[in-house]
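Here the structure comes first, spelled out in structure tokens, and everything after it is commentary.
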Amino acid sequence: DIFDSDWYTSRSLIGGADIVVIKYSVNDKASFQELKDSYIPMIKKALIPVIISAIGARKNGVPCTCPLCTSDRRSCVTTSEGVQLAKELGATYLELHALNDFYVQKYFGGVLEYFMIQSLNQKSSEKMKKRKKTQKCHRVQPPQLEQPEKMPILKGEASHYNADLHNLLCCCQCADVAFYPEDLSTVVEAHKIILCSVSHLFMLLFEVKSPADIRDASIVRTAQSLFAVPAVPRGVPPCVPPVRAVVKDPVFCSCLPDILHFIYSGAFQWERLEEDIKKKLKDPEKTEHVLEKVKCILKTPGKLNTVKDCRSHQIKRLYNTSLRLFFNTPVLADVIFKIQGATVPAHRAVLVARCEVMAAMFNGNYLEGNNILVPVYGVSKDTFLSFLEYLYTDSCCPASILQAMSLLICAEMYQVMRLQHICEIYIITQLQSMPSRELASTSLSIVSLLKKAKFHNSDCLSTWLLHFIATNYLIFSQKPEFQDLSVEERNFVEMHRWPSNLYLKQLADYRNYVHSQKCHCTVM
């Protein structure tokens, strides 16, 4: 009846079926052929499980070759024809001798039950997939947490250490030694602290070290052959008159300005010194003579100096390591700072070269310009020592964030901007490396750091700290210090807070939805 209907009706009916059972009589070849021609093409398009049942017992069970049985044999559907049809449809083939209870239950029923279970499982799986897809479409999605705003980037300032000391020679501030030729016709001023930081020969010349300390006869001989320094009477303040040093070698004396420029620029431009001396003397023998004297001045006691040792790629920059030897020592000191009941010796030449505020203080119409003892207020001894160490060595290593902030305040007081930047970068690096748990439990007040940074004109640090508080809003908003923020600061933090108020509201709504649905939260 289904196949006798119109094509659209039969197609829809077959498409809604779970199983198609094809039943034919093995003794009715005509109905089998009609089945193959009319119905099988439509069943192929349905793509559903098929069972083919061949019913009955063939009249010609044993093949007969006589002409009388030919018609009978042709009227039967052979097993091979039924199997071939099953292969074309991908169907299960059964042969039932009769449609009684025994055969249906024993053969047909088991296969039918198997196909029905498979079909039900497939439909159930499809329904579950469809339901999950529908639920996924209608399910409330978890809120997306946006990325926090990028923190401001602080750029460090390049070192101008060598330029500072070279400018000291050009302006001749705080000069404490004057070199003269034997006829006293010219004068070249310099600074003992700079010369002694570079050369053991100058240490010997200005009595920083004795010949027994040097233990190098060549250095002693060169010092005696090149210079003559009159003894300074005891009790004379070291900063009153410049020490007069007579240069015995006239050729060397004529090149002394170039040699001093070479020393003050870091003693690493040897090729340039060679060129300058060659242009000035225009005599290879004299040039070689002067360069040998310079090598002896730069010589390390007990070692042989060669031209290779003096090349720019092998001579280390001397100041930042050798000036450290004179840091916080009374040797050649011409000023003493009094701070918190203690005294700290220093050298005016280094202070003037490295700090503009101290240059104005020692060269202007201030009391400190003529006094050896200079009081310091508003800063601790340890912080001031760290400040002086930076002036001498161009480096600093704060022990903590609070010490770095104290050093930043001192640097702002004396207008040493590069040191201020170094302290800012140190504070930022330390705070960024703190885990959230440590940040929540620390006694360090970030708001207090913010107030100090603003008060001492550290705009980059104060801006960064505001962003840092906003980015860690959930931590800092629970701390009492959060209430110390000004209205303007609070507005900035609320505007740039992370996570935002909108996200927290969406998260709360999503949690409520999850609890109402009694399912697991994909976020939490």
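The values are calculated or read from the model by the stated rules, or taken from the named source; none is laboratory data. Here the structure is a predicted model, which means the values were calculated and not measured. So basically every Cβ, Gly included, is an ideal-geometry build from the backbone, and we count neighbours across all protein chains shown. To get the accessible areas, we keep the full protein, side chains included, count just its heavy atoms, and leave off ligands, DNA and RNA. Shrake-Rupley method; radii C 1.70, N 1.55, O 1.52, S 1.80 Å.
Label positions at Thr343 and Leu385, each projected 7 Å from the Cα along the C-beta direction, are separated by 1.7 nm.
If you take the Cα centroid of region 184-208 and the Cα centroid of region 147-183, the two points sit 20 Å apart. The string of couplings for region 178-185 from the Karplus curve (6.51, -1.76, 1.60, θ = phi - 60°) is 10, 9, 10, x, 5, 8, 6, 7 Hz, one whole number per residue in order, with x for Gly and Pro.
Each Lys and Arg Cβ is given +1 and each Asp and Glu Cβ -1; about its Cα centre, region 320-395 then shows a dipole of about 100 debye. The residues neighbouring Gln420, those whose beta-carbon lies less than 11 Å from its own, together hold a net charge of -3 under the Lys/Arg +1, Asp/Glu -1 convention. Subtracting the Cα-Cα distance of Asn491 and Asp213 from their residue separation scaled by 0.36 nm leaves 93.5 nm. A straight Cα-to-Cα reach below 16 Å connects Lys29 with the aspartates and glutamates Asp37, Asp72, Glu81, Glu95, residues fewer than 8 places away in its own chain not being considered. Calculated FRET efficiency, Ala508 to Glu481, Cβ-Cβ distance, R0 = 25 Å: about 0.40 to the nearest 0.05.
Using the Karplus relation 6.51 cos²θ - 1.76 cosθ + 1.60 with θ = phi - 60°, the per-residue 3J(HN,Hα) values for region 384-390 come to 5, 5, 5, 5, 5, 4, 5 Hz, with x marking Gly and Pro.
In this view, the solvent-accessible surface of Asp249, computed with a 1.4 Å probe and all protein chains in place, comes to about 20 Å². At the residue level, Thr393 shows approximately 10 square angstrom of accessible surface with a 1.4 angstrom probe and all protein chains present. Computed over all pairs of different Cα atoms, the Kirkwood value for the hydrodynamic radius of region 334-477 is 16.5 Å.
In sequence order, region 347-360 has phi-based couplings of 10, 4, 4, 5, 5, 5, 5, 9, 9, 5, 5, 5, 4, 5 Hz under the Karplus curve 6.51 cos²θ - 1.76 cosθ + 1.60, θ = phi - 60°, and Gly or Pro positions carry x.
Report the charge-dipole magnitude of region 384-524 in Debye, nearest 20, computed about the Cα centre from +1 at each Lys and Arg Cβ and -1 at each Asp and Glu Cβ.
600
Per-residue accessible area (protein heavy atoms, 1.4 Å probe) orders Ser124, Ser441 as Ser441, Ser124, starting from the largest. Projecting the Cα atoms of Ile336, Tyr390, Ala349 onto the dipole axis of region 320-395, where Lys and Arg carry +1 and Asp and Glu carry -1 at the beta carbon, places Ile336 farthest toward the positive end.
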